[in-house]
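Engineer: Provided herewith is a single structure, encoded as structure tokens, for subsequent inquiry.
The values are calculated or read from the model by the stated rules, or taken from the named source; none is laboratory data. Everything numeric in this text was worked out from a predicted model, so none of it was measured. Counting neighbours? That spans all protein chains shown, and the Cβs are built from the backbone with ideal geometry, glycine included. Quick note on the areas: whole protein, heavy atoms, side chains included, nothing else; ligands and nucleic acids left out. Shrake-Rupley method; radii C 1.70, N 1.55, O 1.52, S 1.80 Å.
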Amino acid sequence: MPALLARCRRWLRRSWTAAAGTALTTVATKATVSTAAVLALAVPLLVAGPADGAATASGCRVDYTANQWTGGYTAQIRVTNLGPALNGWRLTWTYGGDQHVTSAWNATVTQTGHSVTAVSTDWNAVLPSGAGTDFGLQGTWQSADPAPTDFSLNGVPCDGDGTVPPTTPPTTPGTPPPTDPSADCGSAVLCTGFEDQAGTSPSGDWRFTAPDCQGTGTVAVDTVVAHGGTRSLRVDGRAGYCNHAFVAATTDLSSVGPMLYVRLWIRHTTPLPSSHVTFVSMPDSSQDGRALRVGGQNGALQWNRESDDATLPAQSPAGVALSRPLPTGSWQCLRFAVDTTAPKLDTWLGNEKVPGLHADAVPTQDVDQQWLSRTTPPRPTALRLGWEGYGTGDDTLWFDDVAVGSAPIGC
């Protein structure tokens with residue numbers, strides 16, 4: 001308990017609250033339109049909120065769900081083919097604001113002026129009639145970030161003819177095509193979609209654990225929300241200092257290297273708070289078993305080293321701005337690489353390498369200067385997924401399609 005109180009005091013000294021310009025605004029609430037209303041009005045286009053859009057047609061449906069913050073946004077886009085089967089697709093739209101796409105995953109996205117084009121990849125090019133696929137993007141904006149409304153699929157506008165499209169509840173995740181080559185775990189020592197979990201409590205290669213102290217946080221096997229297949233791990237994380245709730249893999253990672261690569265899909269419901277939280281914890285033999293942690297603080301993703309409370313990036317406004325929020329309400333591919341021969345690591349959200357979550361041999365102010373004050377290479381020995389809070393903030397999280405190995409693992 002004294003060590004826990006000391007950690008809390010360190011957090012209180014380190015935490016800051018952005019006065020303006022750094023608040024994360026989550027805008028991902030879908031509109032609900034009754035079947036009767038759509039048929040009666042023959043509404044060709046449904047738009048929900050300033051940063052959500054849904055276009056329907058006899059040939060296609062597009063669901064555009066955005067998470068925005070001052071100066072930036074991510075968008076999860078699902079395109080459903082309601083016409084004849086397609087082998088290769090091209091989705092176009094026009095931004096009405098000054099949005100600029102900076103990166104994308106599961107599609108090749110280009111932008112010219114306000115016009116944006118997303119082209120299918122090799123693994124999601126085939127869209128049978130009635131099937132859908134998801135891709136995502138990240139971008140910047142300055143003055144306005146309205147949702148686009150003029151989607152076209154292979155040159156055919158999604159402008160509708162009164163046909164009622166199939167609906168997808170916001171909590172229902174997309175399922176990646178089983179032929180996606182980047183989802184192959186290759187030679188990974190740990191690779192699971194949790195389909196072997198038969199009951200409601202984690203079992204077999206995954207066990208419940210509550211490092212330090214246990215409270216009201218819970219973990220369970222979920223058969224309603226999943227990224228791939230029919231199962232995932234659900235964590236109901238609770239605020240406070242003694243509500244630690246994790247699932248720990250029994251796989252020994254102490255010999256994986258010299259690079260240790262982790263890939264996981266994560267979905268959560270509440271934006272990362274200003275206080276420090278952890279959702280990935282790896283016991284580290286170089287810290288006498290204390291954890292190398294991935295979580296958030298000040299609304300953005302961060303690394304934290306338990307032994308000295310060092311963070312990556314530094315918890316300054318400039319440092320946090322180089323990280324990224326973890327979008328809510330959609331599945332996100334989170335990957336990281338840990339060098340076990342030097343205090344180096346890298347982190348990717350989707351296919352974007354996050355600049356503030358990069359540590360190399362050259363200390364950089366506001367990024368890894370504090371992190372590199374310790375020169376001992378990390379040596380993770382296990383993987384734990386869950387929730388550990390050090391202040392305010394509940395969250396519900398799901399984990400799926402987890403892999404760990406000594407070679408890069410794609411999303």
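Engineer: Find how much the distance from Phe208 to Thr223 grows on full extension, using 0.36 nm per residue of separation minus their present alpha carbon separation; answer in nm with one decimal.
Structural biologist: Once the chain is fully extended between Phe208 and Thr223, it gains 3.6 nm.
Engineer: Can I ask one more? Can you tell me the dipole magnitude for the range 326-381 around its Cα centre, using point charges on the Cβ only (Lys, Arg +1; Asp, Glu -1), in Debye to the nearest 20?
Structural biologist: Charge dipole of the range 326-381: 200 debye, to the nearest 20.
Engineer: Rounded to the nearest percent, how much of the accessible area of the range 279-411 (1.4 Å probe, protein heavy atoms only) is carbon and sulfur?
Structural biologist: 51 percent
Engineer: What are the residues whose amide H is under 5 Å from the amide H of Ala310, where those residues sit 5 or more places off or on another chain and H is modelled from the backbone?
Structural biologist: Amide H neighbours of Ala310, under 5 Å, 5+ apart: Arg305.
Engineer: Which distance in Å, rounded to a whole number, links the C-alpha centroids of the range 195-269 and the range 293-320?
Structural biologist: 22 Å
Engineer: Something else now. Taking the Cα atoms of the range 246-362, report the difference between the largest and smallest coordinate on each principal axis, in whole Å and largest first.
Structural biologist: Over the range 246-362, Cα extents along the principal axes are 34, 32, 26 Å.
Engineer: A further question on this structure: List the residues, sorted by chain then number, that are 5 or more residues from Gln99 or on another chain and whose placed amide H is less than 5 Å from its amide H.
Structural biologist: Distant-sequence amide H within range of Gln99: zero hits.
Engineer: I've got another one for you. Based on the alpha carbons, how large is the Rg to Rh ratio for the range 246-299 when Rh follows Kirkwood?
Structural biologist: 1.01
Engineer: Please give the per residue accessible area of the range 323-411, computed with a probe of 1.4 Å over protein heavy atoms only, in Å².
Structural biologist: 31 Å²
Engineer: When N is the residue count of the range 310-411, what does its C-alpha Rg come to as a fraction of 2.2 N^0.38 Å?
Structural biologist: 1.14
Engineer: With just the Cα atoms defining each centre, how far is the range 68-109 from the range 328-393? Give it in Å.
Structural biologist: Here the answer is 28 Å between Cα centres.
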